[in-house]
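The values are calculated or read from the model by the stated rules, or taken from the named source; none is laboratory data. On a predicted model such as this, the values are computed, not experimentally measured, just so you know. Quick reminder, even Gly has a Cβ in these numbers, built from the backbone with ideal geometry, and neighbours come from all protein chains shown. For the accessible areas, the whole protein counts, side chains as well, though only heavy atoms, and no ligand, DNA or RNA atoms are used. Shrake-Rupley method; radii C 1.70, N 1.55, O 1.52, S 1.80 Å.
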Amino acid sequence: MAVVVALSKHCSVACDTPSGVRTCELELPATATIAEALAVARGRLGEQAADWEHAAVGIYAACVRPLQSH
């Protein structure tokens, strides 16, 4: 019997607004794109959090892999 594991990715989205930095944490399918992450963040943070159509976007990532025992 095969075990199916649903993979996901965790994303943090931060918007620097005049009233301070607003953030949200997202858990998305492993196949999610940046555009999809921004669409979900837009729904959570609201229209006023960023100029969603024209804002500069940066990516910071850290790949974490499980340690392998030898």
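For the stretch 20-61, GluC sites (Glu not before Pro) are listed when DSSP marks them as loop and at most 16 other Cβ atoms sit within 10 Å of their Cβ; the list is Glu53. 3J(HN,Hα) couplings calculated from phi for the stretch 34-51 with the Karplus curve 6.51 cos²θ - 1.76 cosθ + 1.60 (θ = phi - 60°) are, in sequence order, 4, 4, 5, 4, 5, 5, 5, 4, 4, x, 7, 8, x, 5, 7, 5, 7, 7 Hz; Gly and Pro show x. Compared with the direct C-alpha span, the chain from Glu27 to Lys9 gains 5.9 nm at full extension, assuming 0.36 nm per residue. The residues of the stretch 1-55 expose, per residue, 76 Å² of accessible area to a 1.4 Å probe.
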